[in-house]
Amino acid sequence: PPPHPSPPPTQFEMRVVIWKAKDVATKDGNQSDVFITIQPRGEAEYEKQSTDTHWFSTGDAEFNWRMVWPVALPEKVPRLLLQVWDDDVIGADDAIGEAELNVKHLYDRAMRKKGQSVSMEKQWVATKHANFTGVQAEVLLSIELLTLSEARAKPAGRGQEAPNAHPHLEKPHRPSFWDGFGVTIGEWNPFAKMRRMMLILCCCVVVIAGVAVAYVVTDMMG
C-alpha cells in the first residue's frame, strides 16, 4: 500500500525573552560589553537574532529583550544555539560562551496538546567556551510557543519595540557612559548644577517677593 502522507506542519510563533546574565567572564580588563545571540536550529533555516549591548558590565548584564520566530512543527532535532559575546567597536567581537538548548520536549508538548500554546518558565542556562575552564556566563531566559491565533490575539514586538506586551518588558538598568570611566556624572553634569542654581534663585525670588508684599501692606496700613 502507498505510504500515508505526512500531516501538514502546524504553525507556531516562538518567543524567547532574554532577561539578564550573571557571572559573565570579563574580556576588557575588569569589564565586558555584553550582548547575546540566539539562532534556532532544525530542518528549516532560522534567522540569528541579537539583543542590544549592555556596556561596561563587570559580571552582570540586564536585557529584557524579546526575540520572535515563526516555526513549523514537527521539527526532528530542534535546538537553540545561545551565544554570549563581548562587543568590540574595533575588530571582531569576542566569544564569551555558548550553549545549545534541546527544545524537543517543548515542541513535543505542543504537538501532544493538539496545537495548544506551551511555555517554559524562566530558567538559567550556563554557557561555556572551549578555550576556558568552567562556566563563562549564565543567561536567564524564558520561552513561549504560541499558536498563530493566540499570537495574533497577543501581539508582541521584537526587543522592546511596540507592541511591548505579553509580557511588558521594562527598560533594563544599565550603567551610564561615564560610569564606565569611574566618573559620577552628578558631580560633573553642568545641567545638574544649573538646575540647583535655578532652585536657589526661585527661592530667593519668593523670599524677596514675600518681603516686598509685607512692606507694601505695612506701608498702606500705616
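The values are calculated or read from the model by the stated rules, or taken from the named source; none is laboratory data. Remember, predicted model here, so these are calculated numbers, not experimental data. As a convention, Cβ positions derive from the backbone with ideal geometry for all residues, glycine included, and neighbour counts pool all protein chains shown. Heads up: the accessible areas ignore ligands, DNA and RNA and are worked out on the full protein's heavy atoms, side chains in. Shrake-Rupley method; radii C 1.70, N 1.55, O 1.52, S 1.80 Å.
Listed values, structure above:
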| item | result |
| --- | --- |
| Computed accessible area, Asp23, all protein chains, 1.4 angstrom probe, square angstrom | 100 Å² |
| Length added when fully stretched, Gln116-Asp23, from 0.36 nm per residue minus Cα-Cα | 29.9 nm |
| Residues of the chain: accessible area per residue with a 1.4 Å probe, Å² | 62 Å² |
| DSSP-loop GluC sites (Glu not before Pro) across the range 1-103, with at most 12 other Cβ within 10 angstrom | Glu43, Glu45, Glu47 |
| Difference of contour (0.36 nm per residue) and Cα-Cα distance, Asp60 to Ala165 | 35.3 nm |
| Cα-based Rg / Dmax (Å) for the chain | 27.1, 118 |
| Loop-located trypsin sites (Lys or Arg not before Pro) in the range 16-52, at most 16 other Cβ atoms within 10 Å (DSSP) | Lys48 |
| CD proxy at 222 nm, helix term only [per DSSP H run n ≥ 4: -39500 (n - 2.57); per residue of the chain; nearest 500] | -7000 deg cm²/dmol |
| Partner lysines for Lys20 [C-alpha distance under 28 Å; skip if fewer than 8 residues away on the same chain] | Lys48, Lys104, Lys122, Lys128, Lys154, Lys171 |
| Rough spin-label spacing in nm, given labels placed 7 Å along Cα→Cβ, for Arg109 and Val216 | 7.4 nm |
| Share of carbon and sulfur in the accessible heavy-atom surface of the range 17-156 [1.4 Å probe, %] | 49 percent |
